[in-house]
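The values are calculated or read from the model by the stated rules, or taken from the named source; none is laboratory data. Since the model is a prediction, treat every value here as computed from it, not as a measurement. Every residue, glycine among them, receives a Cβ derived from its backbone with ideal geometry; neighbour counts consider all protein chains shown.
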Amino acid sequence: MTHDILGDKPKHNFDDNLADKVNKIFDNMPEEKPKNNETAQRASGNKIQDIILTSNDYTKMTVGEWAGFFGQNKYGSSKIVFASMPDIYRTIKHFKKWHEEKTFDVEVGDNIIQSWLNSIKKAFSGENRLLTSTRLEYYASAHAPTTIDIKHHAGFEEFEEKISVNYINNANFWTLIEEKEGLAFLRGLFDTKDSGREIRKVIEYIAEPMQVIMVIVPADANIPQHVSDPYNPLVAYASLKVYTNYSSISTLAIDLTTRPDEKGCARGVIAP
């Protein structure tokens with residue numbers, strides 16, 4: 001698998017310094033050997049690169065506008081795709097691993113990891129919200145549990161992935177990772193097979209120093225009851241947002257109720 005994520009000179013305002021420096025990290029990392037055929041197939045057929053490029057955090061657009069923006073830009077011959085929640089998750093996980101294992105040039109790597117963490121946190125802190133291309137379609141019926149179709153890279157048909165999970169109405173992150181259905185839901189949201197303990201460590205890493213993490217889901221009353229029309233679900237997008245209460249306690253919210261017309265920041269990933 002190639003580690004060259006920069007390609008030709010970018011034709012947009014992404015931080016090419018970040019891409020340059022991340023390539024240096026890759027250059028100092030040993031090649032990972034696939035553990036099984038599935039991993040080997042995923043590595044050789046990698047559709048979306050794991051490293052997320054930064055964009056201007058002062059620019060706020062809707063998910064539709066961001067999809068159009070990324071769809072019109074390229075890195076050389078590679079497409080730029082609107083980053084999904086799994087893209088965000090995998091990048092945090094990789095940077096966390098590099099930081100802990102020091103499998104790179106420490107001086108370059110630590111500076112880059114800190115710069116990226118500062119950038120990504122800025123994108124969902126204060127007045128900002130970090131939008132993703134992860135779309136949630138909530139369905140309800142009179143005789144079946146509510147289900148959710150989670151679509152990653154929604155709007156990019158070539159890369160779109162759909163995962164169906166049962167609806168959960170427990171917004172306590174710590175409880176979700178301990179429950180069977182809650183863990184299945186989070187695995188679908190992040191497109192991972194990680195254990196609840198591993199998911200917790202990744203989210204805590206990006207949330208630090210915040211102690212409170214919550215998952216915001218639609219209220220039951222907001223989900224259309226007795227809906228069986230597959231063309232009429234409740235539609236929302238996954239985003240990250242920090243909320244601070246009157247006691248100055250900050251909470252990292254994994255918000256699964258973001259309206260399609262809501263504006264926020266975004267990130268892009270390189271597709272081969």
Subject >> Filter result (farther than 20 Å from residue 267 by Cβ, without any contact (Cβ under 8 Å) to a residue 12 or more places away in the chain and assigned to a loop (DSSP other than H, G, I, E, B)) within segment 158-193 >> reply: 179, 193
Original post:
Is segment 175-196 home to any residue that is under 29 Å from residue 69 (Cβ atoms) and of a type in the set (Asp, Glu)?
Top reply: yes
**OP:** Hand me the list of strands (runs of 3 or more DSSP E) wholly inside segment 197-272 holding 3 or more residues that are among the small types (Gly, Ala, Ser) and at pLDDT 85 or above.
**Re:** 234-244
Subject >> Breaking point among (1) under 17 Å from the mean Cα position of the chain (by Cα); (2) of a type in the set (A, V, I, L, M); (3) not assigned by TED's automatic domain parsing to the domain that holds residue 79, for residue 210 >> reply: (1)
